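The values are calculated or read from the model by the stated rules, or taken from the named source; none is laboratory data. What you are looking at is a predicted structure, and each value in this text was computed from that prediction instead of being measured. For neighbour counting, all protein chains shown are included, and Cβ atoms are generated from backbone atoms with ideal geometry for every residue, glycine included. For accessibility, only protein heavy atoms count, side chains too; no ligands or nucleic acids. Shrake-Rupley method; radii C 1.70, N 1.55, O 1.52, S 1.80 Å.
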Amino acid sequence: MHEDWAYAAVRGSRGAIAAPGNEILTSAEMGQADALAVTGGVSLTELIRRAGTAVADAARAMAPAGPILVLCGPGNNGADGYVAASLLAQAGREVSVALMPGLPAPAGAAEQAAAAWSGPTIDAQRADPAAYALVIDALFGSGLKRDLSPAVGAILERWAAAGTPVLAVDVPTGLDADTGQVRGGVLPATRTVTFVRRKPGHLLLPGRELCGHLDVLDIGIGAELVASLSTVLWHNGPALWRTQFPVPATAGHKYSRGHALVLSGPAWRTGAARLAALGALRIGAGLVTLASPSEALSENAAHLTAVMLRPCEDAGDLRAILSDRRFNAVALGPGLGVGPATEERVAAALDAGVATVLDADALTSFASRPERLAALCRGTASWPVVTPHEGEFARLFAAAPETASKVERARRAAAILGAVVILKGPDTVIAAPDGRAAINDNGSPYLATAGSGDVLAGFVTGLLAQGMPPFEAACAGTWLHGAAGRLGGPGLIAEDLPGLLPKALAALLDAIR
């Protein structure tokens, strides 16, 4: 089914989101932004001067004293480095430029910038970075299109081992700006300065950790120009979905805030569904009902008070429950069991026409058969939301190419299924079938605990019950999940998350009201 992974975004088919400043630009889009700025009357030389000035300012802040070594490449990234080196030398700093052996001579703007450099130039292979207070890495930046050679990789490894602070220009050398992956070696940065907007590699792992502290600096390419690129990738945060977030109304009541249904597994397998139900209730759904086999009702009753209970033995019972139109969102999968019975329940939920979240066993029941799940998802009035972690994603899409970036994998999955995909992890990606996507980076390592994903499924379900559109609900639920996790910190367990959410919600509502 490799041919099914051909992806073409249908941009804006269900409405775009305006989030100025939250856009993430690929390296190609950044090149377009530069070209549009030049067309608009700003010369490339001026853009490089501004970037180089910003780099020099950052270098002075990182190393107020001591010698500085600038690693310059043959392209525009190297030009930024040459300009920074010249400005630092003019300010009285001791500066040397290092060149990597075997690379072509500087060309274009880099040639002009190199010609203006009159200070010492040394061979990077012989340079001792430990002799400097700071290394400025202006070798390749986002222009890297192929793996580094073993020779260059070995030099970078030696430089990294020296322990000298590193200031990277745009992205650390060896990091793919579009995927966040390492290409043949990397020089990890203490701090990275990039321009105009973040790149995917700044947020996707391992890139996020290799960039160190990230600063996005203005070089005069404004928001209007960026908006003209029609990018459909964003940094997830309230600016992306605040206008769609369900703020409780003074005249509201529980029936106006939706009724969510969560399906529970059989006795001894009920905990995951309870976590999802509590998540849906805490995030604001007016009512939440947990439907379980009769044998599990007493088990669930022993743990729940505000969440209502209802017997549900099979797909037929689920159809009967959802025929009551007061139920407007349903979540199923956590602890439900893998097999035909769960597949039938998924079909019943999707056929009912209510907002649906599919997680865990609801996805694994379709392992290696995404086309079957897609047939069910595509028959719905609104996009379902599916929430796989990497293991569930791999089981569902057994034929998925492994070389694609996480953003592209999520986008392709969303396009195939006709569903919003939350591809979970420390760099969670949320993608819609129309090509829109967001990268989330506000999580906590303490969220890596059993049941955390079940709570996330509940958060998204609760937002859907309140009428939030699927992509925005997925983005908001993911961000609030991360915010609650950060509040919890060390010792966090999944049961804590619903109780931590009110503080995260209060801060959010204060900011968006």
Per-region count, segment 321-343, residues surrounded by 12 or more Cβ atoms within 10 Å (Cβ to Cβ) and assigned to a helix (DSSP H, G or I): 5
Can you pull out the residues in segment 275-306 that are polar (S, T, N, Q) and open to solvent by less than 10 Å² (accessible area, probe 1.4 Å)? THR289, SER292, ASN300
Looking only at residues that are loosely packed, with under 14 Cβ neighbours inside 10 Å and touching a residue at least 24 places away in the same chain (Cβ under 8 Å) in segment 120-143, which one is nearest to MET100 (Cα to Cα)? ASP123
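Do you know which of the residues in segment 445-497 that are in a helix (DSSP H, G or I) and open to solvent by 40 Å² or more (accessible area, probe 1.4 Å) is nearest to THR243 (Cα to Cα)?
The initial filter retains those residues of segment 445-497 that are in a helix (DSSP H, G or I), namely 445-447, 452-465, 470-488, 496-497.
Checking which are open to solvent by 40 Å² or more (accessible area, probe 1.4 Å) leaves us with 445-446, 479, 486-487, 496.
Values: PRO445: 29, TYR446: 30, TRP479: 15, ARG486: 24, LEU487: 24, ASP496: 28 Å.
Among those that are in a helix (DSSP H, G or I) and open to solvent by 40 Å² or more (accessible area, probe 1.4 Å), it is TRP479.
Which of the residues that make up segment 217-236 are closer than 22 Å to ALA504 by Cα and either basic (Lys, Arg) or in contact with a helix residue (DSSP H, G or I) (Cβ under 6 Å, 6 or more places away or on another chain) (or both)? Full working, then the answer.
Residues of segment 217-236 that are closer than 22 Å to ALA504 by Cα, as a first pass: 234-236.
Across segment 217-236, the qualifying residues are TRP234, ASN236.
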Looking at (1) open to solvent by 20 Å² or more (accessible area, probe 1.4 Å); (2) closer than 19 Å to ALA28 by Cβ; (3) out of contact with any Gly (no Cβ under 7 Å at 6 or more places or on another chain), which is the one condition that is false for ASP178? (3)
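Does segment 402-425 hold any residues that are surrounded by fewer than 23 Cβ atoms within 10 Å (Cβ to Cβ), of a type in the set (Gly, Ala, Ser) and modelled with pLDDT of 95 or more, and which are they? Write out each step before concluding.
From segment 402-425, those surrounded by fewer than 23 Cβ atoms within 10 Å (Cβ to Cβ) are 402-405, 408, 412, 418, 425; that's our starting set.
With of a type in the set (Gly, Ala, Ser) added as a condition, the list becomes 404-405, 418, 425.
The answer is GLY418, GLY425.
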Using the structure shown, decide if ALA272 is closer than 27 Å to THR461 by Cβ, open to solvent by less than 50 Å² (accessible area, probe 1.4 Å) and touching a Pro at 6+ places or on another chain (Cβ under 6 Å). yes
The lone exception for ALA399 - which of (1) open to solvent by less than 50 Å² (accessible area, probe 1.4 Å); (2) within 16 Å of LEU423 (Cα to Cα); (3) at pLDDT below 95; (4) of a type outside the set (D, E, K, R) it fails: (2)
Please verify whether segment 160-168 includes one or more residues that are open to solvent by less than 50 Å² (accessible area, probe 1.4 Å), out of contact with any strand residue (DSSP E or B) (no Cβ under 7 Å at 6 or more places or on another chain) and more than 20 Å from THR26 (Cα to Cα). yes
Filter segment 181-216 down to the residues that are part of a strand (DSSP E or B) and among the basic types (Lys, Arg), then identify the one that is surrounded by the most Cβ atoms within 10 Å (Cβ to Cβ). ARG198
Looking at the structure I just gave you, is HIS259 modelled with pLDDT under 95, closer than 28 Å to ILE321 by Cα and not small (Gly, Ala, Ser)? no
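Would segment 89-110 turn up any residue that is among the β-branched types (Val, Ile, Thr) and open to solvent by 50 Å² or more (accessible area, probe 1.4 Å)?
The answer is no; no qualifying residue exists.
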